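Participant: Got a structure for you, written out below as structure tokens; questions coming shortly.
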Amino acid sequence: MKKIAWITDSTCYIEPEYAKQNNIFVVPIEITFENETYKDGIDISEEELYSRLTSSRKLPKTSQPVIGDLVSLFEELKKEYDLGIAVHLSTELSGTANATKQAADMAGFPLELVDSRLISLPVAHLIRKGQEWIREGHSPEDTANKLRTMYPTNTLYVMIGSLEQLHKGGRVSAIQMLMGSLLQIKPILTFEDGKLIPYDKVRSQKKALSYMVAKLKDDLEQDIIIKTVYILEGGAKQEALSIEEQIRALSPDLEVVIGPLGSAIGVHAGAGTIALTWFREE
């Protein structure tokens, strides 16, 4: 049986111990605040990221891992593994997936590349699912092909925490930010074909959180099979616990997992951002 290395990026938040035990290698994306560049999850923590976002006048930039570091990784993997399966955040948000494939080709390491068209813990969900299929006897090629088609089964809603952060990034004007803040408007975004798009606007944070839970309830009432619900938080732990309580009241049997939103969206959405996401099972 071929020995497979799994490769992903720091935005998916695989637990370090789980990664170590399951042949998963995590490459950090880079976050740049003006002239200072940090490796996500190594040089800067989630807490530090949102603290810096609040105090920084300019929007930081995220960038794919350094190609030389990726090549070095694959040169090392060649010594122990026969091939790799790389599962990364959506290519609509980052060039990380394409950089990984380029580096693997440069190192001469066979690689199946999966553009998850997702973010954060849903990407980790795909990796766990893929490893399950490999254990069941599916080939790496078939497994990668199946993973590439999973994104339409995912539903994701994002409540933006900071209009100011969107303003820094040029996504809302100063007038829109002022009016939105005065009216306590909370934009709701969703994912479509790997892109974040506007979905709705809700007045007040409390109503916005309940709005997302209501969307989950709609799916459950249609007898859609949902086993796990992920709450993704960006500097909003209390809000995450609040929405968890609503979900448990709605359906006590659901597994609820709270995890980081991730820097790929967090730098644009700001502190206080919450996302709710789940997969529709077959």
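Participant: Does Ile231 meet the test of being closer than 30 Å to Tyr38 by Cβ and not in a strand (DSSP E or B)?
Facilitator: When the stated conditions are applied, Ile231 does not pass them.
Participant: Of the numbered conditions (1) in the same structural domain as Lys129 (by TED's automatic domain parsing); (2) buried (at least 21 other Cβ atoms within 10 Å of the Cβ), Gly41 satisfies every one except a single condition; which is it?
Facilitator: (1)
Matching residues to (1) within 25 Å of Leu70 (Cβ to Cβ); (2) touching a helix residue (DSSP H, G or I) at 6+ places or on another chain (Cβ under 9 Å); (3) at pLDDT 95 or above; (4) outside any loop (DSSP other than H, G, I, E, B):
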{"site": "Thr100", "(1), (2), (3), (4)": "yes, yes, yes, yes"}
{"site": "Phe109", "(1), (2), (3), (4)": "yes, yes, yes, no"}
{"site": "Gly130", "(1), (2), (3), (4)": "yes, yes, yes, yes"}
{"site": "Ala144", "(1), (2), (3), (4)": "yes, yes, yes, yes"}
{"site": "Leu147", "(1), (2), (3), (4)": "yes, yes, yes, yes"}
{"site": "Thr155", "(1), (2), (3), (4)": "no, yes, yes, yes"}
{"site": "Val172", "(1), (2), (3), (4)": "no, yes, no, no"}
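Participant: Could you please give the count of residues in the stretch 183-216 that are of a type in the set (A, V, I, L, M) and within 30 Å of Gly95 (Cα to Cα)?
Facilitator: So the count comes out to 5.
Participant: So, one more: If I filter the stretch 86-96 down to residues being modelled with pLDDT under 95 and surrounded by 24 or more Cβ atoms within 10 Å (Cβ to Cβ), which single residue comes out as farthest from the chain's Cα centre (by Cα)?
Facilitator: Thr96
The values are calculated or read from the model by the stated rules, or taken from the named source; none is laboratory data. Keep in mind the model is a prediction, meaning the values are calculated, not measured. Neighbour counts run over all protein chains shown; Cβ positions are idealised from the backbone, glycine included.
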